[in-house]
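Derivation of every value follows stated rules applied to the coordinates shown; laboratory data play no part. Here the structure is a predicted model, which means the values were calculated and not measured. Every residue, glycine as well, gets a Cβ built from its backbone with ideal geometry; the counts of neighbours run over all protein chains shown.
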């Protein structure tokens, strides 16, 4: 089995589960970022620099702190 590296510029992830005949392989992180971006040119997205994971983690933590499950105690 070969390495299925993400074809997005600047992404070092391997063993990608998603593939396009036109754009190549994409990892889950880049696919999630593409979905969150909304309507855009996928070719341009694949050539754009990948967002830094620290920024994505910080944003996710902020969103999680802002929106709580209605089943959790709200502080």
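Cβ-Cβ distance of residue 61 and residue 39, R₀ of 30 Å, FRET efficiency by 1/(1 + (r/R0)^6): the value works out to about 0.65. Relative to the dominant Cα principal axis of the chain, helix 53-66 is inclined by about 30°.
Rg and Dmax of region 1-55, both derived from C-alpha coordinates alone, stand at 10.7, 34 Å. The fewest-to-most ranking of 71, 25, 62 by surrounding Cβ atoms within 10 Å reads 71, 62, 25. Between residue 53 and residue 68, the modelled labels are 3.0 nm apart [label points 7 Å from Cα along Cα→Cβ].
Helix-only estimate, please: 222 nm mean residue ellipticity of the chain, summing -39500 (n - 2.57) across DSSP H runs of length 4 or more and dividing by its residues, to the nearest 500.
Details: 3 runs with 30 residues, N = 75.
Computed mean residue ellipticity for the chain: -11500 deg cm²/dmol.
Angle of helix 28-37 to the longest C-alpha principal axis of the chain, folded into 0 to 90 degrees and rounded to 10: 70°.
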